[in-house]
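As structure tokens, the structure follows; a few thoughts come after it.
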Amino acid sequence: MSEDTKKPKNLSRRDFLKTTGGVAAIAGMTVGALAGTAKESSAAAGPMPKKWDDAYDVIVVGTGFAGLAAAIEAKNARATVAVIEKMPVHGGNSIINGGDFCAPDTKLQKAAGVQDSAELMYKDMMKAGQYLNQPELAKTVAYGAKDALEWCESLGARFTKLGFHGGHSVKRANQTVNASGSEVVNKLYDKANAVGAKIETRTKMVRLIANKDGRIVGMEVKKGYKFPDENSGKTAFIKAKKAVILTSGGFSRDLPLRQLQDPRLNDRFESTNQPGATGEALLAACMAGAMDLQMDWIQLGPWTSPDEKGFGHVPLFCERLVGYGPMINPKTGKRFFKETGNRKERADAIILVGDPVIIMGDSYAVPKQVFPNALQKGMEAGAIKKFDTLEDLAKFYNMPVDVFKKEIDRWNSFVEQKKDADFDCMIFPDAKPTVTAPFYAARLWPKVHHTMGGLVIDKNAQVKGFDFKPVKGLYAAGEVTGGVHGAVRLGGVAMADCVVFGRIAGKNAAKEKAWG
Ligand SMILES: Cc1cc2nc3c(=O)[nH]c(=O)nc-3n(C[C@H](O)[C@H](O)[C@H](O)COP(=O)(O)OP(=O)(O)OC[C@H]3O[C@@H](n4cnc5c(N)ncnc54)[C@H](O)[C@@H]3O)c2cc1C
């Protein structure tokens with residue numbers, strides 16, 4: 001018999017999982033990542049429960065932007081909905097995020113005279129993503145972002161400032177009133193409660209349960225789970241009559257999993273994420289037959305500071321200053337890279353420098369651009385410093401003073417001409433030369449920020465299996481999915497991604513025919 005004839009034809013997802021190939025692929029993926037949860041991994045292929053403890057039409061895993069948006073839409077479509085969250089509080093990374101929501105043609109853009117379009121946003125996403133984005137998914141986000149933002153506004157979220165993120169062609173980051181994702185999450189949370197979704201914290205999804213046809217029919221959870229104690233909590237089984245929606249976020253805090261995908265990302269690199277940003281729910285989906293993609297595209301934030309923990313305040317200082325102030329390598333006293341370059345370009349350039357670099361601005365640029373709270377808190381934390389003269393600043397960072405001052409003169413000449421002859425940094429029309437004391441500066445060193453890869457979904461937010469067909473009864477949205485952003489996620493596009501696809505997932509999951 002030839003090799004060809006030995007291969008089963010029309011391999012179903014279930015058949016695939018029974019083959020060596022499938023098991024090996026999955027086993028390979030789970031090594032290390034589940035080191036601390038071996039009990040759960042062996043249970044993954046386990047049997048149907050004898051009885052279900054609870055039953056809902058739709059079960060959503062995760063309480064970030066994607067999960068709450070999905071829950072509201074599923075509830076609006078008259079499904080019964082439970083949202084589970086393993087942490088003691090709701091919100092995930094969404095509640096600690098910087099509140100920048102990229103969308104084209106918005107009110108804030110119109111007020112600022114910015115010309116934009118969904119097509120331009122799509123092109124920017126594809127270019128930054130090195131064309132590894134699934135075009136259909138990127139397009140769905142770019143073309144759906146404005147409506148998603150206005151939907152958040154209709155639920156009470158306020159966006160009051162327009163900002164820029166490296167890699168975008170125009171200013172299109174609509175920032176929330178408090179420069180935090182909490183403004184959106186809390187409005188979504190209130191709405192989800194108001195429409196009657198049941199939200200349960202300290203409940204961890206351990207495994208998905210499939211019936212004999214491979215349809216996802218529910219899950220095993222641990223109720224009363226106390227992160228990160230894997231022995232805490234009581235096992236329960238929840239039936240999903242229509243579908244499960246995975247919105248469990250990314251895995252930036254999952255050291256074994258992220259190092260398996262990108263071995264450079266050891267503990268030298270901190271993360272901006274909340275501690276629960278780990279990948280076990282994603283892997284549980286893979287063990288139930290879902291396919292993953294581009295897991296090794298893991299984004300480092302180039303704007304984080306080694307002088308504060310987690311995300312901190314410096315990102316909001318740095319990102320507002322790019323295009324208004326220079327980024328300097330203290331070893332040389334000179335600029336070294338395009339300040340408005342995308343995240344990957346800048347993080348790679350800083351890692352090449354080998355030590356923290358600085359971003360700086362003067363007393364024109366900083367009060368104009370930086371949210372006062374971020375400046376004050378960054379200064380209180382000691383991560384943002386204030387100097388009376390350029391000499392003081394140079395001495396503090398051990399820079400060659402004369403070289404540095406000449407470099408600032410050169411930068412200022414570029415600002416006057418609105419053209420950077422050295423690195424082609426975008427210089428905004430209202431930027432002015434960096435001359436007015438006092439000066440402010442912060443050190444930058446990258447931290448692990450976003451995982452671009454994840455579960456394969458289609459434009460209906462339906463998860464695909466290893467047979468390239470939808471996994472019946474399984475939807476996903478937000479950072480747990482892959483393909484929207486390709487190699488590099490542009491700043492402010494995760495909010496758009498999560499709300500656009502969260503809503504799609506919620507609507508479509510509610511339309512499924514109940515299995516029992
Ligand atoms: C500090 C920071 C700032 C950011 N700023 C911006 C910004 O300004 N603009 C922008 O567009 N993007 C930003 N991002 C990225 C963006 O916030 C995230 O990509 C987005 O919040 C992800 O949302 P999500 O709904 O997919 O997941 P999350 O908000 O992370 O929610 C997932 C939830 O699922 C829970 N969960 C995980 N596994 C399980 C399990 N097994 N059982 C039960 N629950 C589970 C997690 O605990 C978590 O609460 C930022 C990210 C960070 C970390």
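Contact order for segment 326-366, expressed relative to its length and based on alpha carbon pairs under 8 Å spaced 6+ residues apart, stands at 46 percent.
Taken as entire DSSP H runs, the helices of the chain never both span 20 Å or more between Cα atoms along their own long axis and average 1.6 or more on the Kyte-Doolittle scale. Per residue, the Cα convex hull of segment 370-430 amounts to 122 Å³. The Cα atoms of segment 57-170 cover 42, 33, 28 Å along the three principal axes, with the biggest extent listed first. The packing ranking, built from the mean of other Cβ atoms within 10 Å per residue, places the peptides 132-139, 283-290, 399-406, 377-384 in the order 283-290, 132-139, 377-384, 399-406, highest first. Restricting the calculation to Cα atoms, every distinct pair contributes to the Kirkwood radius of segment 297-451, found to be 15.2 Å. Normalised by the number of residues in segment 236-355, the mean separation of alpha-carbon contacts (under 8 Å, six or more apart) gives a relative contact order of 20 percent. Segment 198-267 and segment 463-516 have Cα centres lying 16 Å from one another. Our Cα-only numbers for segment 76-115 put the radius of gyration and Dmax at 17.0, 44 Å.
With one equal scatterer per alpha carbon and no solvent term, the Debye-computed log10 I(q)/I(0) for segment 261-316 at 0.16, 0.18, 0.23, 0.28 1/Å reads -0.65, -0.77, -1.03, -1.23.
Quickly rank 418-428, 339-349 as a protection proxy: mean count of other C-beta atoms within 10 Å, highest first.
Ranking, from highest mean packing down: 339-349, 418-428.
Pairwise Cα distances in segment 166-238 exceed 15 Å in 72 percent of cases.
Where does the chain land on the Kirkwood hydrodynamic radius, alpha-carbon pairs, in angstrom?
Working: mean 1/r = 0.0424 Å⁻¹.
Roughly 23.6 Å, rounded to one decimal.
Taking a straight line from the alpha carbon of Lys127, these lysines sit under 21 Å away, with near neighbours fewer than eight places off in the same chain left out: Lys139, Lys146, Lys171, Lys338, Lys344, Lys459.
Backbone amide hydrogens, once placed in the peptide plane, bring Lys198 within less than 5 Å of Val81, Ala82, Val83, excluding anything fewer than 5 places away on its chain. Let me check I've understood the local charge: for Pro47, count other residues with C-beta under 13 angstrom from its C-beta, Lys and Arg +1, Asp and Glu -1. What total comes out? Within the 13 Å Cβ shell, the charges total +3.
Could you give the distance between the Cα centres of segment 124-146 and segment 360-439, to the whole Å? Computed from Cα coordinates, the inter-centre distance equals 33 Å. Listed by chain and number, the aspartates and glutamates whose alpha-carbon sits under 14 Å from that of Lys386, ignoring those within fewer than 8 places in the same chain, are Asp362. Shown for the chain: the carbon plus sulfur share of the solvent-accessible area, taken with all protein chains present and a 1.4 angstrom probe, equals 54%.
The Rg/Rh ratio of segment 455-508, with Rg taken over Cα atoms and Rh as the Kirkwood radius over Cα pairs, comes to 0.98. Bridgeable lysines around Lys51 (alpha carbons under 19 Å apart, same-chain partners fewer than 8 residues away excluded): Lys204, Lys212, Lys222, Lys223, Lys234, Lys239, Lys241, Lys242. Cα-based radius of gyration for segment 379-507, normalised by 2.2 N^0.38 Å, reads 1.65.
Taking a sphere under 11 Å around the Cβ of Val83 and counting the other residues whose Cβ falls inside, with K and R at +1 and D and E at -1, yields a net charge of 0. The translational diffusion coefficient of segment 194-315, from Stokes-Einstein at 25 °C and 0.890 mPa s with a Kirkwood hydrodynamic radius over alpha carbon pairs, comes to 148 µm²/s.
Note on the chain: antiparallel DSSP beta bridges, both residues inside, total approximately 70 percent of the bridges counted.
The values are calculated or read from the model by the stated rules, or taken from the named source; none is laboratory data. Quantities reported herein were computed from a predicted structural model and do not represent experimental measurements. Glycine gets a Cβ as well: all are built from the backbone with ideal geometry, and neighbour counts include every protein chain shown. Ligands, DNA and RNA are excluded from the accessible area calculation, which covers all protein heavy atoms including side chains. Shrake-Rupley method; radii C 1.70, N 1.55, O 1.52, S 1.80 Å.
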